[in-house]
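Here the structure is laid out as structure tokens; the discussion comes afterwards.
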Amino acid sequence: MMSQICRVNVATGQITYEDVPDGWVRLGGRALGARILLDEVPATCDPLGPHNKLIFAPGTLVGHMVSSCDRISVCGKSPLTGGVKEANAGGTTALKLVWLGIHALIIEGQPADPRDRYLLYLSKDEARLEPAPHLAGVGVHATAEQLLERFGPKVGLAMIGPAGEMRMTAAGIVHLDKDRVPGRISARGGLGAVMGSKGIKAIVIDDAGTKMPPLVDKKLFDDAKKRYIKSLQEHPQTSQIYTYYGTPAMVSMCNAKGGIPTRNFSAGRFEHAERISGEMLHDLISERGGEGVHDHACMPGCIIRCSNVFADSNGKTIVSPLEYETIGLLGSNLGIDSLDVIGQLNVQANDLGLDSIEIGAA
Ligand code: SF4
């Protein structure tokens, strides 16, 4: 199956599949997104107007469950910076788009009524836009629950929360992880507001009946994959530090170097850094047990497993994952030294569809 460009015009309701232009064939991820922006979006357009486009561009290696490679780049002109924006996330969105044969998904135009909400459904047999007024103003967690109930537990979802619907410049786009938790976020640059301006509340990616895309030289690919995995397994950063502590390992490192955001960037060292460190997170998860996991994989095939599930003292999940950037911006940058408080702020930001970095730096 040749992959194609799926183009959705929310002004006309038309959805078309096109051959991939020659200049886009060997591009993926942020390179493809930037190329499409250069080719199709006027540089001076209003980021929240009809001439901006929202582009979902899987990376070139997506589709084969090579460790950590099945990532999605969401691209558009940023309403936050006015520049080219790419917001990258793990989870399952990219894998499912590629299995549907989609090289890039381009959403363009604008609905006549800014209050309109739509659901975009993509499967191997069908692509449709359907009105979704019942999802207006609904949080990300409840939206995911409703859509998984309706479409089944195996679909992928990319959603916005109330923040994206309100076109807030801190709004992101939330994807499901491999355990159907809406916690992987294309957070930066306000692309959730661009999705909101297109009237799209959620994209349902149903890859039932599809299979892994063919490889030109499977043996060569598998040999390279083996060497890549071996190098990840042999390197202490990817086989120990990120697996034990995840990205929160950066708390102690950045604090030691004087670079952790502290009290609105007025300092680079936080006196309570050890209370919000990766080591503390690892110990709390291990001691509390229950649903907590310190070496969680956000997508199939990942052997680094830098993600986590952070549980409270009763073993019930607070949030998944709790990352360095969130700890730095919603923690030390606000003078907060409790992982439980940071986790609670994080899950609320996720439900609203907000970028925790932007909120902590606001
Ligand atoms: S768990 Fe971490 S290392 Fe693995 S794919 Fe997700 S973000 Fe990448």
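The values are calculated or read from the model by the stated rules, or taken from the named source; none is laboratory data. Computed from a predicted structure; not experimentally measured. In this analysis, Cβ positions are derived from the backbone assuming ideal geometry, glycine residues included, and neighbour counts consider all displayed protein chains. With ligands, DNA and RNA removed, areas are computed over all heavy atoms of the protein, side chains included. Shrake-Rupley method; radii C 1.70, N 1.55, O 1.52, S 1.80 Å.
Which is of a type in the set (K, R), outside any helix (DSSP H, G or I) and either surrounded by fewer than 19 Cβ atoms within 10 Å (Cβ to Cβ) or within 16 Å of the ligand (Cβ to nearest atom) (or both), of K230, K211, K225? The match here is K211. Between R263, R305, the distinction of being among the charged types (D, E, K, R) and either without any contact (Cβ under 8 Å) to a residue 40 or more places away in the chain or out of contact with any Cys (no Cβ under 9 Å at 6 or more places or on another chain) (or both) belongs to R263 only. Is it the case that some residue within the stretch 234-241 is among the aliphatic types (A, V, I, L, M), in contact with a Ser or Thr (Cβ under 7 Å, 6 or more places away or on another chain) and either surrounded by 13 or more Cβ atoms within 10 Å (Cβ to Cβ) or part of a helix (DSSP H, G or I) (or both)? There is no residue in the stretch 234-241 that is among the aliphatic types (A, V, I, L, M), in contact with a Ser or Thr (Cβ under 7 Å, 6 or more places away or on another chain) and either surrounded by 13 or more Cβ atoms within 10 Å (Cβ to Cβ) or part of a helix (DSSP H, G or I) (or both). Only one of the numbered conditions (1) in a loop (DSSP other than H, G, I, E, B); (2) closer than 24 Å to V174 by Cα; (3) of a type in the set (V, I, T) is violated by I336, and that is (2). Taking P182 as the residue in question, decide whether it is closer than 17 Å to F56 by Cβ and open to solvent by 10 Å² or more (accessible area, probe 1.4 Å). Considered against the rule, which asks whether it is closer than 17 Å to F56 by Cβ and open to solvent by 10 Å² or more (accessible area, probe 1.4 Å), P182 comes out as yes. Scanning the stretch 129-176 for residues that are open to solvent by less than 60 Å² (accessible area, probe 1.4 Å) and in a strand (DSSP E or B) returns L129, E130, G156, L157, A158, M159, A171, I173, V174, H175, L176. Residues that are closer than 16 Å to D283 by Cβ, under 22 Å from the mean Cα position of the chain (by Cα) and open to solvent by 10 Å² or more (accessible area, probe 1.4 Å) within the stretch 311-326 comprise just one, I318. Residues in the stretch 295-321 that are away from the ligand (no atom under 11 Å from the Cβ) and either assigned by TED's automatic domain parsing to the domain that holds G156 or not in a loop (DSSP other than H, G, I, E, B) (or both): V309, F310, A311, T317, I318, V319.
Of all the listed residues (L38, L61, L80), the sole one being within 27 Å of Q233 (Cα to Cα) and open to solvent by 60 Å² or more (accessible area, probe 1.4 Å) is L61.
Kindly indicate whether L329 is open to solvent by less than 40 Å² (accessible area, probe 1.4 Å), within 16 Å of the ligand (Cβ to nearest atom) and either of a type outside the set (S, T, N, Q) or not in a helix (DSSP H, G or I) (or both). No; evaluated as a whole, the condition is false for this residue.
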